[in-house]
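S.K.: One structure is given below, represented as structure tokens, and several questions about it will come after.
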Amino acid sequence: MDDRMYAGKISGIPLRLNLFFLLTAALYAFTGLLPEMLLVFAVVLLHELGHVFCAQSMGIKVKEIELLPFGGVAKLDNFFSIDPRCEIRLALAGPLTNLLLTAFVLLLQRYPFWYWTYSDLFIRCNLAMAVFNLLPALPLDGGRIYRAHLSRACGYRVATEKAAKLGKIIALGLVLGALYTLSAGFFTPSLFLLAFFLFSGADKEQGMAVYVFMRALAAKKEELSRTGVLPAEHLVADGATAVKQVMRYILPQKYHLITLLNAGGSAQGVLTETELLDGLLEYGIEVSLKTVADFAKR
């Protein structure tokens, strides 16, 4: 059962409000800060729309936008690009939108006709949104940029693990910061909640790494069918090696060919990336490369 509230469509894309968003809105309304909260979440929505319009410009379909208590997420339909540059452009679109909005309001403030009670709050929210999202930790935009950069050298799965671990470390840092302010006589529940959502988001990204890796392989297979050619990367591995170990060496933008060796060091054959994907789907990540190769021969 979906516990989110449907709130209409923006540019044909469904907008949904997370249950925790609704509870937070009710809390702010009770304390008399509802206008301020609505402004904050307007900034979040504009941030997500930056991602949406960038995705649409690259021909990527957006399924929906979901607003959370401390951010939002634009859910893309089957986006598993083999080009890290696409992921970087997509991740940068949100923070860049916030910076452009900040610059626009600062420009308007120079003119005497401009007056808006919440101008300063709007500027602070946009700057905070941009700076926080550029931290190199998943599930933040900066984490996606960091992962895309790392994946060129160490592969998608390892890059995801490193960026997710940074997310968890930052979340723990927020908890320590909240405890420090509490010991100083200030209670900042927002830091605890932000840490919770950041940690849970990083944990989810880490848990989904294998699944997304498999989808990325499938996307690369489709890219090869579409273009007819991809640069190749050659790996050599013992036939007894588990697939999960090889996954660490799979790079984006390259199609991998794996030469299998037996215990004596003699070649047993070549396993293609497509066959590796088929073996993953059939047996999972713990299976040996030799088993995958035997399956491919059937």
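The values are calculated or read from the model by the stated rules, or taken from the named source; none is laboratory data. These numbers were taken from a predicted model, which means no experiment stands behind them. Cβ sites come from the backbone with ideal geometry, for glycine too, and all protein chains shown count toward neighbours.
S.K.: In region 208-240, how many are within 18 Å of Val287 (Cα to Cα), of a type in the set (A, V, I, L, M, F, W, C) and not in a loop (DSSP other than H, G, I, E, B)?
M.R.: First, the residues of region 208-240 that are within 18 Å of Val287 (Cα to Cα): 209-211, 213-214, 217, 235-240.
Among the residues that remain, those that are also of a type in the set (A, V, I, L, M, F, W, C) are: 209-210, 213-214, 217, 235-237, 240.
Next, only the ones that are not in a loop (DSSP other than H, G, I, E, B) stay: 209-210, 213-214, 217, 235-237.
Result for region 208-240: 8.
S.K.: I'd like the residue in region 98-149 that is assigned to a helix (DSSP H, G or I) and of a type in the set (D, E, K, R) and, out of all such residues, is nearest to Lys162 (Cα to Cα). Step through it out loud before you land on a result.
M.R.: Of the residues in region 98-149, the ones assigned to a helix (DSSP H, G or I) are 98-108, 119-133, 141-149.
Still in the running and of a type in the set (D, E, K, R): 120, 124, 141, 144, 147.
Numbers: Asp120: 36, Arg124: 30, Asp141: 14, Arg144: 11, Arg147: 8 Å.
Among those that are assigned to a helix (DSSP H, G or I) and of a type in the set (D, E, K, R), it is Arg147.
S.K.: Here is a further query. What are the residues in region 199-216 that are more than 22 Å from Leu251 (Cβ to Cβ), crowded, with 16+ Cβ neighbours inside 10 Å and within 12 Å of the chain's Cα centre (by Cα), if any?
M.R.: Once the filter is applied, which keeps residues that are more than 22 Å from Leu251 (Cβ to Cβ), crowded, with 16+ Cβ neighbours inside 10 Å and within 12 Å of the chain's Cα centre (by Cα), region 199-216 yields Gly201, Ala202, Asp203.
S.K.: Can you name the condition, by its number, that Ala242 falls short on among (1) surrounded by 13 or more Cβ atoms within 10 Å (Cβ to Cβ); (2) aliphatic (A, V, I, L, M); (3) within 26 Å of the chain's Cα centre (by Cα)?
M.R.: All conditions are met except number (3).
S.K.: For region 12-32, which residues satisfy the criterion of being out of contact with any Leu (no Cβ under 8 Å at 6 or more places or on another chain) and of a type in the set (Gly, Ala, Ser)? Steps first, please.
M.R.: Start the filter on region 12-32 by keeping residues that are out of contact with any Leu (no Cβ under 8 Å at 6 or more places or on another chain), which leaves 12-14, 19, 22-24, 26-27, 29-32.
Of everything in region 12-32, those that are out of contact with any Leu (no Cβ under 8 Å at 6 or more places or on another chain) and of a type in the set (Gly, Ala, Ser) turn out to be Gly12, Ala26, Ala29, Gly32.
S.K.: Can you tell me which residue is modelled with the highest pLDDT among those in region 275-298 that are touching a Lys or Arg at 6+ places or on another chain (Cβ under 8 Å) and either surrounded by 17 or more Cβ atoms within 10 Å (Cβ to Cβ) or more than 26 Å from Pro231 (Cβ to Cβ) (or both)? Step through it out loud before you land on a result.
M.R.: The first filter runs over region 275-298 and keeps only residues touching a Lys or Arg at 6+ places or on another chain (Cβ under 8 Å), leaving 277, 285-286.
With the extra rule that they be either surrounded by 17 or more Cβ atoms within 10 Å (Cβ to Cβ) or more than 26 Å from Pro231 (Cβ to Cβ) (or both), the set shrinks to 277, 286.
Values: Leu277: 81, Glu286: 85.
So, considering only residues that are touching a Lys or Arg at 6+ places or on another chain (Cβ under 8 Å) and either surrounded by 17 or more Cβ atoms within 10 Å (Cβ to Cβ) or more than 26 Å from Pro231 (Cβ to Cβ) (or both), the one modelled with the highest pLDDT is Glu286.
S.K.: If Met247 satisfies every condition in (1) in contact (Cβ under 8 Å) with a residue 60 or more places away in the chain; (2) not assigned by TED's automatic domain parsing to the domain that holds Leu289 but one, which is the exception?
M.R.: Result: Met247 passes all but (2).
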